[in-house]
1. In cubic angstrom, how much convex hull volume per residue do the alpha carbon atoms of the stretch 46-94 span?
2. For Y148, what accessible area in Å² do you get when you roll a 1.4 Å probe over the heavy atoms of the protein chains, rounding to the nearest 10?
3. Taking N as the number of residues in the stretch 167-223, what is its Cα Rg relative to 2.2 N^0.38 Å?
4. In square angstrom, what is the accessible area per residue of the stretch 191-278 with a 1.4 angstrom probe?
5. Only bridges whose two residues both fall in the chain count here: according to DSSP, what percent of them are antiparallel, nearest 5?
6. Compute the helix-to-body angle for 156-166: its Cα long axis versus the longest principal axis of the chain, expressed 0 to 90° and rounded to tens.
7. Near the amide H of V181, under 5 Å away, which other amide H atoms are found, from residues 5 or more places off or on another chain, if H is placed in the peptide plane?
8. Above 29 Å lies some portion of the pair distances; for the chain, what is it as a whole percent of all C-alpha pairs?
Amino acid sequence: MSTLQSVTSVVDLRAQVDTWRKAGESIAFVPTMGALHAGHHQLVRVACERADRIVVSVYVNPLQFGQGEDFEKYPRNIDADFEALAGLGVDVLWTPAESDIYPDGALRTELTDAGPIGDVWEGASRPGHFTGVLTVVKRLVEAVTPDYLVMGQKDAQQLWLVQTMLATQAPPIEVIPVATVRDEDAVALSSRNAYLSADERQSAQAIPRALGAAKTARTPESAVQAARDVLTSEPSLTLDYVALVDSTTFEEVSSDTFAGDAQLLIAVRVGGTRLIDNARLTFGQ
Ligand code: AMP
């Protein structure tokens, strides 16, 4: 029998968290925008291994969507999400209303600036996106006060920015990264995959192929070139960016003699859908 509780207000959430804290229990938090898939489920499994209590939020954050983006049509399926989370042993599904997160309204809220790394790659293509993400993560985390925040490596730049934001947080919150979960055709699971037609889905398979090609390259330049070659040979993909960044600083790898861990980032458009993916590459070791 599931004991999953669904709560909306911050007051109810806090009452539950306080009860757990008094009992000495640890808390892991998995923030999501819902339309949950096996990638999200994996985050929950990892959370369950770490903490006594698990909170999952489902909140489609208006602040992280730009004008003309898919805020209105973003897939929402809260009943199915509840069922899935109940089966995974989650304790609380938190579905805040906008007024719970932004009591003064989303447009009047104090923003958490994402800094220079918030303006490159995804940030350049989606101005304001990461400020919106950091603002909501800060609000969510202030309400849940978790010990652990579980996030996917699929959104590598988001993960880096959140880790950086929380690095100086007291009491500390440990960010736990989870490897990207992929479908049978190696395309990374994403709620936005629901927008793809069968043909577009076929084209999207070039993304993991490009990551695979980059992994076999010996140097940073040849890795970027290999990925680019695969993506540009797929006529129905429009390339947004291919970038290689230092995993520690998230700054572009500018030297072909770079040694260490890097992240190859890919963003493409397939029809009307924007897809991102990434892979960890290690050089010179
Ligand atoms: P979203 O609902 O898209 O905001 O994602 C919520 C969390 O799930 C984020 O930490 C994502 O990085 C993570 N996530 C999304 N897709 C995947 C995936 N395919 N594998 C692992 N984690 C994922």
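The values are calculated or read from the model by the stated rules, or taken from the named source; none is laboratory data. Bear in mind that the values here come from a model prediction, so they are computed numbers and not experimental data. Here the Cβ is made from the backbone with ideal geometry for all residues, glycine too, and neighbour counts use every protein chain on show. Calculation scope for accessible area: heavy atoms of the full protein, side chains included, ligands and nucleic acids excluded. Shrake-Rupley method; radii C 1.70, N 1.55, O 1.52, S 1.80 Å.
1. Working: hull volume 4.6 nm³, N = 49.
In the stretch 46-94, the Cα hull volume divided by residue count equals 94 Å³.
2. 50
3. On the way: Rg = 16.6 Å, N = 57, 2.2 N^0.38 = 10.2 Å.
It is 1.62.
4. Working: 4060 Å² over 88 residues.
Counting only protein heavy atoms, the per-residue value for the stretch 191-278 is 46 Å².
5. Values: 22 of 41 bridges.
Bridges in the chain are about 55 percent antiparallel.
6. 40
7. Here the answer is L189, since their amide H atoms fall under 5 Å of that of V181.
8. Values: 14037 of 40470 pairs.
For the chain, the fraction of Cα-Cα distances above 29 Å is 35 percent.
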